[in-house]
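Working notes, beginning with the structure itself.
The values are calculated or read from the model by the stated rules, or taken from the named source; none is laboratory data. Remember, predicted model here, so these are calculated numbers, not experimental data. FYI the Cβ positions are ideal-geometry reconstructions off the backbone, even for glycines, and counts take in every protein chain you see. Side chains included, ligands, DNA and RNA excluded: accessible areas come from the protein's heavy atoms. Shrake-Rupley method; radii C 1.70, N 1.55, O 1.52, S 1.80 Å.
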Amino acid sequence: MPQVTGAEETNVRVAARVRPLLPRDTAQNCCSCITVHQKANQVVVGTKRAFAFDLVYETDACQSAVYDGCVSQLLDGCMQGYNATVLAYGQTGSGKTHTMGTGQSVGEGSEEEGIVPKVIRNSFRHIEVHKENIDFKVSCCYLEIYNEDIRDLLQPGGRQDGQVIAIREDAAGGIKVSGIHAETCGSEEEMFRCLSDGSVQRTTGATLMNEQSSRSHSIFTLILEQRNRKCDSADPAAAVDYYVTAKFHLVDLAGSERAKRTGAVGSRFKESVSINSGLLALGNVISALGDPAKKGSHVPYRESKLTRLLQDSLGGNSRTVMIACVSCADIDFEETLNTLKYAHRARNIKNKPVINHDPRQAQLAAMQDEIESLREQLQRANGGPMLSMVGGPLPSNEEVIELSAKLEAAEVRSSELAERLAAQETEGEAFRRCLTDVYSAVCQHLPAIWEAAEGQSAAAPSGRRSLTTVCQ
């Protein structure tokens, strides 16, 4: 089971970003209905409705300001082993995709470069600075939720082995997506290519409110594994403290919309129904977690695949920032008000981010290093190419035999550890299925339990005995 350390409780941070009036707004003689008080971090809708947030950005705020205020600290924490999430939320056409930077690629240093490209660039800059002391492995995956179906944007044709994409829980209770492809990237250029290829595959369409409306929710995930080279590979147990892994989820939600205003018909209308259903489920989760009156109540994560995927980000193991994107046009007054209400409520959500250690992976990595070291020593002993680089006298036959024995033993231990890891994962999957069956059985018998309790409500002791009998 992955170990976690350094538990802390922190609230979801919420920022509000107001987009300026667009040409279509001015063509309809719209005026601004929002006032931003930068020093007080307040957004006032109309004349009376004021909302306070952790950060607010006016219509003239640049992309760099949003990144520096909302994301840079999350990336620093991710490099320490904390999971992180940035979530763009709001109505259609409010600037979510523009803020996240997944719509189109722009050159480095451009004022239009969004959050995702900046995260990629700064991640590899950090790696470049620390690569002498730390081994990094960086990979990414890119998926979308379209009409409640999860699609892999990096493998749009599906996996060759036919594995179905499914949402699972790992042994520590974290959410993972099985069947999704994670592309290992050795440079920022490779990751930008993944981002570009995936963005091209994402489902978009034109509506009356947005010429390039996102018709799906997308999640671009950067996976970072790092191991300190100072770790003593001869002691795999010590490797736990030097091996950390973290995920950075960058979520671009499709915007809420009304068919009357977007002109959606046919397949576009079906998409809007699915989008609004997912956002409604997300709103229910935010209400359950953020409303003090509902503290301790059931959190409906399973109402949609979107909320299931965001389970760690909202109320779980992640440092999360929600960016509420709103329009200042008075024609969007009601949608803007609803967005700010949910965003303000999300400030009460408490997460428990922790540094993620995976001792099994650490031991495997240490074993692999030990095997590689023994192979180099054996090659040097046999007078191979390594001899010219290392130099020194040739070892004796006894030393060669000893190195060979160590190499063989290390390979056996590595193989045994891999087998144990696979067996534990299989056992965990079977246990989860068993729990799911038990949960379904309990839900099936709850009406009978309730009826038995209601039938004996006049006599409380008798009712409790009857309820006990039914439960048995």
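Residues in the range 331-343 that are more than 17 Å from Ser287 (Cα to Cα) and surrounded by fewer than 20 Cβ atoms within 10 Å (Cβ to Cβ): Ile331, Phe333, Glu334. Restricting the range 251-293 to residues that are β-branched (Val, Ile, Thr) and farther than 18 Å from Gly315 by Cβ, the residue that is most open to solvent (accessible area, probe 1.4 Å) is Val265.
A single entry from Gly198, Gly174 fulfils the requirement of being at pLDDT 90 or above and surrounded by 18 or more Cβ atoms within 10 Å (Cβ to Cβ): Gly198. In this structure, does Arg464 turn out to be at pLDDT below 75 and either open to solvent by less than 50 Å² (accessible area, probe 1.4 Å) or part of a helix (DSSP H, G or I) (or both)? It is true that Arg464 is at pLDDT below 75 and either open to solvent by less than 50 Å² (accessible area, probe 1.4 Å) or part of a helix (DSSP H, G or I) (or both).
Let's see how each residue does on (1) of a type in the set (Gly, Ala, Ser); (2) more than 17 Å from the chain's Cα centre (by Cα):
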| site | (1), (2) |
| --- | --- |
| Asp135 | no, yes |
| Cys140 | no, no |
| Glu144 | no, no |
| Arg193 | no, yes |
| Ser218 | yes, no |
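Considered as a group, the residues in the range 384-418 that are at pLDDT below 60 and under 17 Å from Glu372 (Cα atoms) include one that is most open to solvent (accessible area, probe 1.4 Å), and that residue is Met389. Looking only at residues in the range 419-429 that are open to solvent by 60 Å² or more (accessible area, probe 1.4 Å) and of a type in the set (Asp, Glu), the one that is farthest from Asp170 (Cα to Cα) is Glu419. Condition check: of a type in the set (Lys, Arg) and within 22 Å of the chain's Cα centre (by Cα). Does Arg24 satisfy that? No; evaluated as a whole, the condition is false for this residue.
Considering every residue within the range 132-139, establish whether at least one is on the phi < 0 side of the Ramachandran plot, open to solvent by less than 60 Å² (accessible area, probe 1.4 Å) and modelled with pLDDT under 90. The answer is yes; a qualifying residue exists. Residues in the range 35-55 that are more than 28 Å from Asn83 (Cβ to Cβ) and in contact (Cβ under 8 Å) with a residue 40 or more places away in the chain: Val43, Val45, Gly46, Arg49.
Of the residues Ala281, Ala264, Ala254, only one is in contact with a helix residue (DSSP H, G or I) (Cβ under 6 Å, 6 or more places away or on another chain), closer than 20 Å to Met209 by Cα and at pLDDT 85 or above; which? On inspection, the qualifying residue turns out to be Ala254. The residue pairs whose first member lies in the range 211-230 and is open to solvent by 10 Å² or more (accessible area, probe 1.4 Å), whose second member is of a type in the set (Phe, Trp, Tyr) and not in a strand (DSSP E or B), and whose beta carbons are closer than 9 Å, counting only pairs six or more residues apart or on different chains, are Gln226/Tyr242; Arg227/Tyr242; Asn228/Tyr242; Arg229/Tyr242; Lys230/Tyr242. Any chance the range 278-293 includes a residue that's without any contact (Cβ under 8 Å) to a residue 60 or more places away in the chain, more than 22 Å from the chain's Cα centre (by Cα) and in a helix (DSSP H, G or I)? Yes: one or more hits.
Can you spot a residue in the range 147-167 that is within 22 Å of Ser318 (Cα to Cα) and under 14 Å from the mean Cα position of the chain (by Cα)? Within the range 147-167 (the criterion being within 22 Å of Ser318 (Cα to Cα) and under 14 Å from the mean Cα position of the chain (by Cα)), the answer is yes, since at least one residue qualifies. Candidates Glu112, Glu58: the one that is surrounded by fewer than 20 Cβ atoms within 10 Å (Cβ to Cβ), within 24 Å of Thr204 (Cα to Cα) and free of Cβ contacts under 8 Å to residues at least 60 places away in the same chain is Glu112. Mind checking whether some residue in the range 430-443 is at pLDDT 75 or above, more than 25 Å from Arg168 (Cα to Cα) and part of a helix (DSSP H, G or I)? Checking the range 430-443: not a single residue is at pLDDT 75 or above, more than 25 Å from Arg168 (Cα to Cα) and part of a helix (DSSP H, G or I). In summary, Thr47 fulfils each of the numbered conditions (1) closer than 19 Å to Leu224 by Cβ; (2) surrounded by fewer than 18 Cβ atoms within 10 Å (Cβ to Cβ); (3) hydroxyl-bearing (Ser, Thr, Tyr) with the single exception of condition (1). Total residues in the range 294-330 satisfying the condition of being in contact (Cβ under 8 Å) with a residue 60 or more places away in the chain and either among the aliphatic types (A, V, I, L, M) or open to solvent by 40 Å² or more (accessible area, probe 1.4 Å) (or both): the figure is 13.
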